[in-house]
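Engineer: Before we start, here is the structure in question, set down as structure tokens.
The values are calculated or read from the model by the stated rules, or taken from the named source; none is laboratory data. A quick note: this is a predicted structure, and the numbers were derived from the prediction, not measured. Cβ coordinates were reconstructed from backbone atoms using ideal geometry, including for glycine residues, and neighbour counts include every protein chain displayed.
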Amino acid sequence: MLSKTTYRIFFLGFLCSILISFFFIRPLNSPWHRFIAGDGLGYYAYLPAKFIYNDTHYEYKWFNAVYEKHYISSGSSADEHFLVKYMDKKINKYYPGLSLLWLPFFALAHACALVFQFPADGFSLPYQWGIGSASLFYLFLGLYYLRKLIFKFSARAGISFLVPMLLFYGTPLFDFALNLNSLSHVYSFCIITVFSFYAFRYFNEEENAFYNFCLGLFLLAVLVSIRPLNILVLAILPALALKKGGIRLGNFGRPGATHLFLLLILFWVAIRQVFILKNATGEFFPNTYSGEPFYFSQPQLIKAGFGFQYGMFLYAPLLLMALLGAWYYPGKMKRWILPGFFMFLFYIYASWWFWPITSRALIDFYVIPAMLLSALLSHFSAERKHGLMVLLALCAFTGYYQLKQLQFRRGVLDANYTHAGLYFKNFFRTHKSHQFVVPPYSILQNHIFTQGIEDTSYKGPRTGQQTYQGKYATLLDNQNEFTREFGGDLPTFFFQKGLAKIRFSFWVFAEENCSEFQVYMNFYSKSGKQTLSIPFYVKEDAFRRNKWTEMQFGHEFGSDEIAMLKDCRVALFIWNNTKKNRLFVDEANVEIFLCDRSAEIVP
């Protein structure tokens, strides 16, 4: 049996492994992957509005110019990121609670920008790193308090070390903590976990009752200021009261200076929230998500739970196994509170118009599967054989989640378009994949052009030196730079109502010095005039040298493009533009599709 000190060292090593993962996975200064991005732009914008641009009414007229200065997608307006129409004005739809948590990091970043002569505009490098540091700080704080909570619940140092580690590496907390640093989920996870810890202490320990109560109220106020729906966390309180006699109110005793300070901070957080919302919207309690409905009679439960696109339980089965811990949770009635509430939240988010948010929204409440997982491990820890099997299963699920995350990062899977065939075909694949995914269930009509390289009628350069299938492959070298053109006349269905797509797929074998090649999708009128050209530039990180690599390139056509292509033919070819070494191409196919919108996440 290892000592508590040993497990503390293990836990410190676990936190160090997170830091290593962060620097290994997360680009620190990429214009394509900023720390402040996506929904985080809305959560964060309150800080520069208040402290840099003196935007007291939060109109964000300054945002577009600053955004174009620091982000790749120039031309985007604030409306596309966080402003929505409300009454007769546009407002920030995100609540200001996160800006409170970020305030110390923002202040330090602003000082660094001034001292080291970075643009002090709220979005230059020091501010980006400040928010990245904040995400790590609150992640570590949440995991630290999760460990303390699990130890109080299970009284086992080993379990209090294992549960946070499995939860981090085996669930979407991993991705959202390391890659999506300005979204609210890791912060809500932290505050809900700390809130649960002090609620557990309040209900089960006699000392410091008033302190625990005041701190719990303060944390609840912060939670609601981040997202009002977080107030639902109150539903788990009965499950945290394990002491016999039910929920007690506690003996508060005489309030001290610490209690009064916490209550003052609580009051300030509430007033700040209401004041900002009143200034921005003209109302004290606006519904900023008024145009984003719930469809409670049509929840996407199967898709949100087990779908190949965003299935929470499919990609993080550890969460599903954690629910089994309900059978071993203390108290016959209380054991159903945590899993019942977790699945209730699952139902709510699966009923939202943007149901794919389900898997990430529930990160906020990961204290629930953590407690259930702790109950499961506590029960089987006394049974050596069964306990080992449970632990091996949890480790396997964690490894499986990491495999799937690697596939998403490398483009093997695409959350928006993954279907059963793609999922199983690439189940263990880890190298980068170049794919243009067309889900089979979305195809209304299709046509395939197959100009076989094996045919005697094939006019392009070919060789039998290196083939993927059959006797011949196309050879591109310094004498023959181009393949022949693949394709033909566009079918009539291409111009019918639906989504028109073309996919060019082939296998390529690149020798050692081949660093890039190009693919062209050209369209010609009957007179031979080029109407449209769509190039694809393929760099060395997209294919493997000295191995056959399957590649797909494609395009979905807009209405303006389709109008240009009437009576045209499509011609695709590959160009070995560097001519530095040989390139072999085999099994080339051109596929033309007419699809419906069933593959789209949101109609």
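Engineer: Picking from Y328, Y289, which residue would you name as being at pLDDT below 95, of a type in the set (F, W, Y) and outside the structural domain of M165 (by TED's automatic domain parsing)?
Structural biologist: Result of the check over Y328, Y289: Y289.
Engineer: Here is a further query. Those residues that are within 16 Å of Y366 (Cα to Cα) and among the hydroxyl-bearing types (S, T, Y), I need them from region 135-171; list them, please.
Structural biologist: Y138, Y144, Y145, S160, Y169, T171, listed by residue number.
Engineer: Still on this model: Going residue by residue through region 439-458, is there one that turns out to be within 27 Å of the chain's Cα centre (by Cα) and part of a strand (DSSP E or B)?
Structural biologist: Taking every residue of region 439-458 in turn, none turns out to be within 27 Å of the chain's Cα centre (by Cα) and part of a strand (DSSP E or B).
Engineer: Please work out which residue is surrounded by the most Cβ atoms within 10 Å (Cβ to Cβ), limiting yourself to region 2-43 and to residues that are closer than 29 Å to S124 by Cβ and of a type in the set (S, T, N, Q).
Structural biologist: S21
Engineer: Sticking with this structure for a sec: Going through region 468-502 one residue at a time, which ones are buried (at least 20 other Cβ atoms within 10 Å of the Cβ) and of a type outside the set (F, W, Y)?
Structural biologist: Answer for region 468-502, where residues must be buried (at least 20 other Cβ atoms within 10 Å of the Cβ) and of a type outside the set (F, W, Y): A473, T474, L475, L476, T483, G487, L490, A500, K501, I502.
Engineer: Do we have S359 as small (G, A, S) and buried (at least 20 other Cβ atoms within 10 Å of the Cβ) here?
Structural biologist: For S359, the condition - small (G, A, S) and buried (at least 20 other Cβ atoms within 10 Å of the Cβ) - is met.
Engineer: Run F308 past the list (1) touching a Pro at 6+ places or on another chain (Cβ under 7 Å); (2) outside any helix (DSSP H, G or I) and report the number of the one that doesn't hold.
Structural biologist: It fails just one condition, (1).
Engineer: Is there a residue being free of Cβ contacts under 8 Å to residues at least 24 places away in the same chain, surrounded by 14 or more Cβ atoms within 10 Å (Cβ to Cβ) and among the β-branched types (V, I, T) anywhere in region 449-462?
Structural biologist: Taking every residue of region 449-462 in turn, none turns out to be free of Cβ contacts under 8 Å to residues at least 24 places away in the same chain, surrounded by 14 or more Cβ atoms within 10 Å (Cβ to Cβ) and among the β-branched types (V, I, T).
Engineer: Criterion first (closer than 24 Å to G97 by Cα, surrounded by 13 or more Cβ atoms within 10 Å (Cβ to Cβ) and in contact (Cβ under 8 Å) with a residue 40 or more places away in the chain) does A49 satisfy it?
Structural biologist: Judged against the criteria, A49 is not a match.
Engineer: May I ask you to say which residue of A270, A280, A316, A304 is hydrophobic (A, V, I, L, M, F, W, C), buried (at least 20 other Cβ atoms within 10 Å of the Cβ) and modelled with pLDDT under 75?
Structural biologist: Exactly one of A270, A280, A316, A304 is hydrophobic (A, V, I, L, M, F, W, C), buried (at least 20 other Cβ atoms within 10 Å of the Cβ) and modelled with pLDDT under 75, namely A280.
Engineer: Moving on. Does region 506-522 include one or more residues that are modelled with pLDDT of 95 or more, in the same structural domain as F449 (by TED's automatic domain parsing), under 36 Å from the mean Cα position of the chain (by Cα) and more than 21 Å from N480 (Cβ to Cβ)?
Structural biologist: no
Engineer: Here is a follow-up. With respect to G38, determine if the residue is of a type in the set (G, A, S) and either part of a loop (DSSP other than H, G, I, E, B) or not assigned by TED's automatic domain parsing to the domain that holds V224 (or both).
Structural biologist: Yes.
Engineer: Select from region 148-203 the residues that are basic (K, R) and either over 27 Å from A241 (Cβ atoms) or out of contact with any Ser or Thr (no Cβ under 8 Å at 6 or more places or on another chain) (or both) and list them in ascending order.
Structural biologist: The answer is K152, R201.
Engineer: A further question follows. Any residue in region 193-206 that is within 11 Å of P238 (Cα to Cα) sitting within a Cβ distance under 8 Å of a residue that is in a helix (DSSP H, G or I) and of a type outside the set (A, V, I, L, M)? List the pairs, counting only those 6 or more apart or interchain.
Structural biologist: A199/N212; A199/G216; F200/K152; F200/F153
Engineer: How many residues does region 473-500 hold that are within 30 Å of C514 (Cβ to Cβ) and not in a loop (DSSP other than H, G, I, E, B)?
Structural biologist: The total comes to 8.
Engineer: So is S99 assigned by TED's automatic domain parsing to the domain that holds Q402 and of a type in the set (S, T, Y) or not?
Structural biologist: It is true that S99 is assigned by TED's automatic domain parsing to the domain that holds Q402 and of a type in the set (S, T, Y).
Engineer: Let me ask another. Go over the candidates L413, L422 one by one and state the one that is touching a residue at least 60 places away in the same chain (Cβ under 8 Å), among the hydrophobic types (A, V, I, L, M, F, W, C), surrounded by 18 or more Cβ atoms within 10 Å (Cβ to Cβ) and more than 30 Å from Y524 (Cα to Cα).
Structural biologist: L422
Engineer: Something else: Check L141 against each of (1) farther than 13 Å from L377 by Cα; (2) crowded, with 22+ Cβ neighbours inside 10 Å and name the one condition it does not meet.
Structural biologist: Only one criterion in (1) farther than 13 Å from L377 by Cα; (2) crowded, with 22+ Cβ neighbours inside 10 Å is unmet by L141, namely (2).
Engineer: Does D596 fit the bill of being more than 17 Å from T474 (Cα to Cα) and out of contact with any strand residue (DSSP E or B) (no Cβ under 9 Å at 6 or more places or on another chain)?
Structural biologist: Criteria not met by D596.
Engineer: Kindly list the number of the only condition in (1) within 20 Å of the chain's Cα centre (by Cα); (2) modelled with pLDDT of 90 or more that fails for S433.
Structural biologist: If we test S433 against (1) within 20 Å of the chain's Cα centre (by Cα); (2) modelled with pLDDT of 90 or more, just (2) comes out false.
Engineer: So which residues in region 128-144 are polar (S, T, N, Q) and farther than 15 Å from F174 by Cβ?
Structural biologist: Once the filter is applied, which keeps residues that are polar (S, T, N, Q) and farther than 15 Å from F174 by Cβ, region 128-144 yields Q128, S133.
Engineer: Considering only region 63-156, give the helices (runs of 4 or more DSSP H) lying wholly within it that have at least 1 residues that are farther than 23 Å from T288 by Cβ, modelled with pLDDT of 95 or more and aromatic (F, W, Y).
Structural biologist: It comes to 97-115, 125-154.
Engineer: Would you confirm whether or not region 334-351 contains a residue that is farther than 26 Å from Q309 by Cβ, at pLDDT 95 or above, touching a Ser or Thr at 6+ places or on another chain (Cβ under 9 Å) and not basic (K, R)?
Structural biologist: no
Engineer: Hey, does region 524-540 have a residue that's surrounded by 18 or more Cβ atoms within 10 Å (Cβ to Cβ), of a type in the set (S, T, N, Q) and assigned by TED's automatic domain parsing to the domain that holds K566?
Structural biologist: Looking for residues that are surrounded by 18 or more Cβ atoms within 10 Å (Cβ to Cβ), of a type in the set (S, T, N, Q) and assigned by TED's automatic domain parsing to the domain that holds K566, one finds none in region 524-540, hence no.
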